[in-house]
Structure formats: C-alpha cells, structure tokens
Amino acid sequence: MKQSSLLETARLPGFLSFLAVAFINAMVDLGHKILIQNTIFKIYDDAAQVALTAVVNALILLPFILLFTPAGFLSDRFTKPLIMRCTAFAAIVITLLITLAYYQGWFVFAFILTLVLAAQSALYSPAKYGYIRELAGSERLAAANGFIQATTIVAILGGIFLFSIVFELLLVDKSYNNEAQLIQHIAPVGWLLVLLSVVEFALACRLPLARTETTSTAFDWQRYRRGQILRDNLSQLYQQPIIWYAILGLSMFWGISQTFLATFPAFAKIVLAEDNTIVIQGLLACSGIGIIIGSMLAGSGRKGHIKTQFIPIGAVGMCAILFAVPLLNTTTAFAAAILAFGLFGGLFIIPLNALIQLHAPLSHLGTVLAGNNWVQNIVMISFLMLTLLSAMATISSHALIQAIPIITALLGLLLAWRSSRTWRTCY
C-alpha cells in the first residue's frame, strides 16, 4: 500500500529535528510576549488594555518590516541551517537580558526586548520556510507546510498554557501596584526562556546542511539605504500574479487575526467578568487547535496536489464566525467559535503558503519568502495602528469586535474579485 504524503514527509531525513527547532523557537518567541501581555491584562482595562496590547504586537511585527531585505539576502547568501543556528544562539543572549529585566523590575526594558526578540525571529523566518522546500521538495510542500504550521501552533498552544499557568502560580498571594512589582514576582520564569533557547540552539546544530545553491553577491548597503533593493525585491512578488494574490490573502488573514487578538481579551474580560489570564489565553488558544485541524486537512492528500478549493471555503467560514462572536456571552460558546475560526483559517492559509513556495524561483526563494513576511507585517502593523487609534479614541472593545467581521467581508470580496481569474487558471 502506498504511504500517505504526510507519513512520507515525517520520515524525511532531518525533518523531525527541523520541527523540533521550529517548535521551541515559536515557544520562546511567544513566552515573553505572553508574560508581557498578561501583565498588561492585570494592570489595565478596556481601551487602555487594547492600546497597549496593540503596541506589543506592533513591536513584534516591526522587525519583519525593517529587516525584510537583509533577512532575505542572508537566507539566499548562506545555508539556511547556518542562519537558524546563529539566530538560535542570539536567542540565548536575548532571553538572558529578559530574565535580568524581570528580576530588576525594568518593565519598559522588558517591553522593548520584545522588539529585539522579534528581530531575531525576522532573520530566522525566511530561512525556516525556505528550508521546508530543501527538505521536502516540491511534491511534498503542502504536507510539509501542514506539519510546520501544526507544529508551530502546538508550540503556541503549549506556550500559552505553560507561561500563563506559571504566571498565575507565581502571583498567588502576591501583592503588586504596578508593572515593575508584578514582573519581579514572575522573574523566575525567565530561566525557562533561557533553558528553551539553549535546547533550540543544540537542536539547530543537528540540522543537515542541504546542498543547495547560494548567492555569492555581497550585500549592497548603499542601495539598501536608498530603498532600491526593497523595490527590486518587491518587484519579484508582482511578477507572478499567483504569488502576489496568495500573499495578499495571507496578509488579510493575519491582519484580521492581529486585530482580533488585540481586542478580544478586553472584550472577554468585560463580557465574562473574568480576570484569570489562563481562561482568556485558553480561549485564544482554541484558535490554535482549530488551525492544527485545518492545517492537517489542507496538507493531506496525494503528493504534488495543493487543495486550492479550500481557500474560498476557509474565507467564507472565517467571516461567518467573526459575525457570530459579538453575539456570544459564554466561555463555551467563545471556545467553540474561536476553534472554528482557526479551523477555517488553517484551510485558508496552508494552500496559499504552498503556492508561494512552489512558484517562487529557487534561487530567490529566501527573498520571496522574506517579501511575503514584509507585506504581511505591513498589513498587520496597519491593522494594529488602526486598533491603537480606535482605542485612543476610547472606542470600546465591543464596538471593535463588531467592526472586524464587516471589514473582513469587504476585504474578502475585494480580494476574491481581483484574484478569481488567477485561481481558476492555477490548478
């Protein structure tokens, strides 16, 4: 009997080590963010909470915009496992600084270190996604993307619960009046971040060095400062409409998701009268469970086949769920709705990621993937800035939650209209 594409992909040499590196990297990135967001959740309410949460998320995204060109160049210039090893080592240094900030009660410094940790991720990301194609080849791209998406989401789920539980346990019977006092109480959790970073580096050193072509061109800093390299790299995204519309689709999904993630905790805190971060983060984690299910469904099937028919199904499903969320008022209902949103999201994003990797020229794969990150993060930053401005205008979290599905529907219809001919001629 012929093995399934998923099973064959899992047995590829080095693939499990790669998944382990991706798992720990995602957990480390998320851990510090969760601790900062939970601190904000405890200290602030409604509009102020939404605003600060949007700022945290924006700091995480900003390096993906500023480092787009260098990240793509490094991924194409050097072997991708080498990039992953260097960024893993950098994570050890950064988490040590984070731990110091916790113990000293330097909340602003810890807040800023979210930007530094995100810069490490920005350099790591193109190498990670480019390495998928090196390990899996073109025929197993959908399955490999399903695995990496599911692995990342499992890490996010695990990180949400692990760091939120530790956060709450360290605050038991503790009093605090501000952010500085709070983070001093939770300071020991910083050593967990350091330990995970060390394990990630050890695993990254075990990744096989695939024999692929790398560019020998030196980086032109003068053209970079003038923005010429950015324009050249972005032009590669426009050359193939299927790549461009796939990037726009992914950007829409992540932009809407960022706004929802920034708004929902404050909304749920009021509707459910709940101030336990484990409950709130657990609800958001349900989207991860849904994405895992959707990712595995979209990544299964015969080799070489990308299930593009799931793209419109996912888009319609996500929009319907977002319209239902403002009408709900129980924890169970929120959990079911957010899980369904994640499932449809998985069906939507996996085929789009696979299409980008399949149609990108191999010699410029790192640049294309970095460009994908750049466009997505520009859109996410834009959504978060709108969320921040809305919060500063004292627009309630409930009003923002009601506006999200309307914006999603309008953007979805626009994208479907512009890209319909491209999808029909693709597969």
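Brief remarks on what is shown
- Residues that are touching an Asp or Glu at 6+ places or on another chain (Cβ under 6 Å) and more than 23 Å from Cys205 (Cβ to Cβ) within the stretch 87-125 comprise just one, Phe107.
- Condition met for Ile280 (among the β-branched types (Val, Ile, Thr), farther than 14 Å from Ala144 by Cα, at pLDDT 85 or above and part of a helix (DSSP H, G or I)): no
- Every pair of residues 6+ apart whose Cβ atoms lie under 6 Å, when the first sits in the stretch 78-94 and is touching a residue at least 40 places away in the same chain (Cβ under 8 Å) and within 16 Å of Phe23 (Cα to Cα) while the second is among the charged types (D, E, K, R) and in a helix (DSSP H, G or I): Ala88/Glu200
- Just one of the listed residues (Val56, Val93) is surrounded by fewer than 23 Cβ atoms within 10 Å (Cβ to Cβ), assigned to a helix (DSSP H, G or I), of a type outside the set (Lys, Arg) and under 17 Å from the mean Cα position of the chain (by Cα), namely Val56.
- Every residue from the stretch 309-364 that is crowded, with 21+ Cβ neighbours inside 10 Å and closer than 25 Å to Lys80 by Cβ: Gly346, Ile349, Ile350, Pro351, Leu352, Asn353, Ala354, Leu355, Ile356, Gln357, Ala360
- Flag if Lys2 is modelled with pLDDT of 85 or more and among the charged types (D, E, K, R): no
- Selected residue (criterion: surrounded by the fewest Cβ atoms within 10 Å (Cβ to Cβ)) from residues of the stretch 101-140 that are touching a Phe, Trp or Tyr at 6+ places or on another chain (Cβ under 8 Å) and modelled with pLDDT of 90 or more: Ala101
- Residue-level analysis places Leu388 among those that are under 23 Å from the mean Cα position of the chain (by Cα), modelled with pLDDT under 85 and closer than 23 Å to Ile338 by Cβ.
- Selection over the stretch 43-60 of residues that are out of contact with any Lys or Arg (no Cβ under 9 Å at 6 or more places or on another chain) and within 19 Å of Ile256 (Cβ to Cβ) gives a count of 6.
- If you filter the stretch 248-265 down to residues that are farther than 18 Å from Phe64 by Cα and not small (Gly, Ala, Ser), you find that the one that is nearest to the chain's Cα centre (by Cα) is Leu261.
- Positions within the stretch 304-345 being out of contact with any Gly (no Cβ under 9 Å at 6 or more places or on another chain), assigned to a loop (DSSP other than H, G, I, E, B) and at negative phi, in sequence order: His305, Ile306, Thr308, Gln309, Leu328, Asn329, Thr330
- Among the residues of the stretch 152-178, those identified as in a helix (DSSP H, G or I) and surrounded by fewer than 21 Cβ atoms within 10 Å (Cβ to Cβ) are Val154, Gly158, Phe161, Leu162, Ile165, Val166, Glu168, Leu169, Leu170.
The values are calculated or read from the model by the stated rules, or taken from the named source; none is laboratory data. All figures in this text were calculated on a predicted structure; none of them were measured in a lab. All Cβ positions, even for glycine, are placed from backbone atoms using ideal geometry, and neighbour counts span all protein chains on display.
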